[in-house]
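The values are calculated or read from the model by the stated rules, or taken from the named source; none is laboratory data. Bear in mind that the values here come from a model prediction, so they are computed numbers and not experimental data. Glycine gets a Cβ as well: all are built from the backbone with ideal geometry, and neighbour counts include every protein chain shown. SASA here: full protein model, heavy atoms, side chains in, ligands and nucleic acids out. Shrake-Rupley method; radii C 1.70, N 1.55, O 1.52, S 1.80 Å.
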Amino acid sequence: MSVSRLASVLPRAARHAPSALSRAILRPFSTSKARLARAIVYTENGDPASVLQALTIPDVTNKPPPSHAHVRFLLSPINPADINVIEGVYPSRPTKTDNLGTREGLGSEGHPVFVGGNEGLAQVVSVGEGVEGLREGDWVVVTKQQSGTWMSERIVPVVDVAKVPGREALTEAQAATLTVNPPTAYNMLHDFVDLKEGDWVVQNGANSAVGQAVIQIAAAKGIKTINLVRNRENLDELKQSLTNLGATHVLTYDELADKAVREKIKGWTKGKEIRLGLNCIGGKETTMMARLLGKDAHLVSYGAMSKQPLSLPTSLFIFKNLTAHGFWQSQWYKTRSAEERDELMKTIVQLIAEKKLDTPEIEVVKIGKEESDTAASETIRGVFKALSEGKYGKKVLLKLD
Ligand SMILES: NC(=O)c1ccc[n+]([C@@H]2O[C@H](COP(=O)([O-])OP(=O)(O)OC[C@H]3O[C@@H](n4cnc5c(N)ncnc54)[C@H](OP(=O)(O)O)[C@@H]3O)[C@@H](O)[C@H]2O)c1
């Protein structure tokens with residue numbers, strides 16, 4: 001996604017919108033004919049299947065203020081971290097808003113709500129005065145953390161979005177999932193070990209969206225991967241599909257528990273040390289994986305899907321000089337410039353355009369305009385219930401009309 005550097009083309013003053021504008025930025029205005037917008041909101045933290053609700057927002061016909069854009073969301077992913085945010089157990093916290101344009105009740109003055117969602121793709125409907133580098137029809141991704149993307153449309157400060165580069169090469173789903181999982185995979189493969197063609201990486205949670213991106217980005221660089229997954233009925237099918245993505249080997253945690261497999265792995269790597277391990281699971285699965293790492297290796301943890309603590313044998317630190325790190329893409333964005341962010345986005349778009357990287361299997365959950373808020377709330381709660389029961393096995397993206 002070759003990105004227009006909106007922040008850099010804006011006048012400096014526009015990057016710090018005056019308070020008179022700040023109340024306008026969240027409003028889901030329409031600039032032309034009347035239409036209703038919808039948002040998925042919550043007022044208190046808890047289980048998403050209980051606390052989320054759909055909220056219709058009355059149309060307010062207005063032009064976006066200077067340095068703002070009216071955008072219509074095309075697709076907004078549901079990522080595991082979004083669930084933690086709603087539960088109130090994630091370090092990045094959204095801010096409640098009472099400026100959704102409703103005249104009374106939820107979202108109106110004195111009745112603030114959180115709007116769900118962190119990642120999302122939107123199309124520009126119109127721009128306010130002084131906005132350069134962005135025009136009607138452009139695709140943008142939301143770059144401001146936790147600003148609420150599970151909406152049909154809204155007014156945003158243009159500094160909170162980035163134009164999607166190379167849009168013609170991308171599907172909506174590819175563009176909507178550009179800012180979280182592929183950059184996490186890319187950075188973890190580049191920031192800790194200087195990997196060369198023919199080097200080996202081991203990862204758990206290999207079937208996750210990040211895991212699949214790791215497989216593809218590594219394969220594009222000639223890096224070999226050993227991929228750990230949970231056992232399941234259609235294991236051969238999963239092994240085949242990860243192999244088709246570029247996985248060198250796929251093993252289950254159960255297979256790894258068999259000590260004979262360690263010898264087999266030495267045969268695969270021809271004795272070459274594995275210097276990078278990527279962990280999004282935690283628990284004993286990660287302890288077993290860490291034992292595969294060679295001398296001076298780096299273990300990078302970026303998730304804890306099993307919710308089990310990480311336990312690493314002391315001997316790995318003493319005798320193999322293991323280094324253990326954490327990685328958080330949100331922190332990467334906080335500490336890097338907009339130019340670096342855009343450069344990374346371009347690199348990822350390039351990989352997609354070259355057919356070296358794609359999204360995992362996706363499912364779009366559409367909430368139509370004709371649905372009442374009650375019906376839409378039931379739909380959305382049902383989605384989260386199914387997610388918590390592991391019933392999707394696909395990346396779910398919301399489309400709110
Ligand atoms: N630190 C960061 O910057 C960053 C960025 C992006 C994502 N993440 C984290 O990375 C993780 C993966 O995210 P994602 O969006 O790629 O996830 P995802 O596509 O929803 O996949 C989740 C994966 O977790 C596996 N899993 C779930 N519970 C498990 C358990 N108890 N034991 C073993 N495996 C389990 C699933 O395995 P099955 O295939 O067997 O169902 C699935 O492959 C999450 O923890 C997320 O929060 C972190």
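Does at least one position in segment 100-111 carry a residue that is within 16 Å of the ligand (Cβ to nearest atom) and under 25 Å from the mean Cα position of the chain (by Cα)?
No: segment 100-111 contains no residue that is within 16 Å of the ligand (Cβ to nearest atom) and under 25 Å from the mean Cα position of the chain (by Cα).
Has segment 342-355 got any residue that is more than 30 Å from V159 (Cβ to Cβ) and surrounded by 18 or more Cβ atoms within 10 Å (Cβ to Cβ)? No, the conditions are met nowhere in segment 342-355.
Taking strands (runs of 3 or more DSSP E) as the structural unit, no element lying wholly within segment 37-113 holds at least 2 residues that are over 19 Å from E153 (Cβ atoms). For segment 302-320, the set of residues classified as of a type in the set (A, V, I, L, M) and part of a loop (DSSP other than H, G, I, E, B) consists of A304, M305, L310, L312, listed by residue number.
For the condition buried (at least 19 other Cβ atoms within 10 Å of the Cβ), acidic (D, E) and outside the structural domain of G303 (by TED's automatic domain parsing), D373 does not qualify. Listed by first and then second residue, the pairs linking a residue in segment 192-209 that is polar (S, T, N, Q) and modelled with pLDDT of 95 or more to a residue that is open to solvent by 20 Å² or more (accessible area, probe 1.4 Å) and within 16 Å of the ligand (Cβ to nearest atom), with Cβ atoms under 6 Å apart and 6 or more places separating them unless they lie on different chains, are N204/I281; N204/E285.
Each row is one residue, and each column tells you yes or no for (1) open to solvent by 50 Å² or more (accessible area, probe 1.4 Å); (2) over 21 Å from the mean Cα position of the chain (by Cα); (3) on the phi < 0 side of the Ramachandran plot; (4) among the small types (G, A, S).
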| residue | (1), (2), (3), (4) |
| --- | --- |
| V193 | no, yes, yes, no |
| G205 | no, no, no, yes |
| A209 | no, no, yes, yes |
| I217 | no, no, yes, no |
| I226 | no, yes, yes, no |
| R232 | yes, yes, yes, no |
| K239 | no, yes, yes, no |
| H249 | no, yes, yes, no |
| T252 | no, yes, yes, no |
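Only one of the numbered conditions (1) outside any loop (DSSP other than H, G, I, E, B); (2) in contact (Cβ under 8 Å) with a residue 40 or more places away in the chain; (3) open to solvent by 10 Å² or more (accessible area, probe 1.4 Å) is not met by T287, and that is (2).
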